[in-house]
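The values are calculated or read from the model by the stated rules, or taken from the named source; none is laboratory data. Since this is a predicted model, take the numbers as computed values, not measurements. For neighbour counting, all protein chains shown are included, and Cβ atoms are generated from backbone atoms with ideal geometry for every residue, glycine included. Accessible surface is based on the protein model in full, side chains and every heavy atom, while ligands, DNA and RNA are left aside. Shrake-Rupley method; radii C 1.70, N 1.55, O 1.52, S 1.80 Å.
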Amino acid sequence: MTMTARKIIPCLDMKEGKVVKGIKFKDMKEIGDPPSLAAKYEAEGADEVAFLDISATVEGRQTMLRAVTATAAVVKIPFVVGGGIRSKDEMRAVLDAGASKVSINSAAVADPNIIKECADAFGSERLVIAIDAKAEGDKWVVYTHGGMRSSGIDAIEWAKKAEASGAGEILLTSIDADGEKTGYDIPLTAAVANAVRIPVTASGGCGSPEHIYDVLTRTKAAAALAASIFHYNEHTVTGVKDYLKKMGVDVK
């Protein structure tokens, strides 16, 4: 993979129509309104916004399309939507609602054929495979249903299979690091990014601009996704990008 300028992506985890933030996928606190936050981050220079309906799969329903439409109406930057998308038809509905790309996790693990079907229908560049991984023994295991169910599948092997099946990107979240604000899981991110040629976005654990610098310089991650540091106004996207540029990182 040729390394282009790295991207900074604020993440909007959504539950019941509101943006929330938790720790290790639990103890969710309400942060705000998806369209308002997305517009704020775009104004600060975000390269993309990730919109993840974290309770959709667990509740057995589709992503809340109204929130997608409302958010798409106020942002021009690429807008990635995931959560509860189980088929090609559901992916079409999300794209029609205004998403630029769609992220699929649990449905792809349950039926890997969905990756090829969606990539063939809409193009690999619009399909992101989300991998939520947790350390178990000497490997990382893929979890589904909002980090609640272990699939038993090796995360590195799954990333390779997703790429071979037609995925255009991987959104990799460390469940162990999620919300802890102690830094990204560098070994996990490096292992996955080294195993595939498609872009990998690192997610889970960001607590400072230094953590973003670490993951972008110590791994081949193409992008860093963060939530807490932006949601709680600890840092702005502009400030993070200025810091990275000063440190010699090529950002968009």
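With respect to the conditions (1) open to solvent by 50 Å² or more (accessible area, probe 1.4 Å); (2) in a helix (DSSP H, G or I); (3) touching a residue at least 12 places away in the same chain (Cβ under 8 Å), Lys134 lacks only one, and its number is (2). The residue that is nearest to the chain's Cα centre (by Cα), counting only those in the range 229-252 that are at pLDDT below 95 and open to solvent by 10 Å² or more (accessible area, probe 1.4 Å), is His231.
Here's a check for you: in the range 106-118, which residue that is out of contact with any helix residue (DSSP H, G or I) (no Cβ under 7 Å at 6 or more places or on another chain) and either of a type in the set (Phe, Trp, Tyr) or modelled with pLDDT of 95 or more (or both) is least open to solvent (accessible area, probe 1.4 Å)?
Among them, the one singled out is Val109.
Take the residues in the range 156-186 that are in contact with a His (Cβ under 9 Å, 6 or more places away or on another chain), modelled with pLDDT of 95 or more and under 18 Å from Ile8 (Cβ atoms); name whichever of them is surrounded by the most Cβ atoms within 10 Å (Cβ to Cβ). Checking each candidate, the answer is Tyr184.
Only one residue in Thr189, Thr219 is open to solvent by less than 10 Å² (accessible area, probe 1.4 Å) and hydroxyl-bearing (Ser, Thr, Tyr), so which one is that?
Of Thr189, Thr219, the one residue that is open to solvent by less than 10 Å² (accessible area, probe 1.4 Å) and hydroxyl-bearing (Ser, Thr, Tyr) is Thr189.
Only residues that are touching a helix residue (DSSP H, G or I) at 6+ places or on another chain (Cβ under 8 Å), within 17 Å of Val141 (Cβ to Cβ) and in contact (Cβ under 8 Å) with a residue 40 or more places away in the chain were counted across the range 177-205, and they come to 3.
Which is more than 21 Å from Gly147 (Cα to Cα) and at pLDDT below 95, of Arg86, Arg92, Arg66?
Arg66
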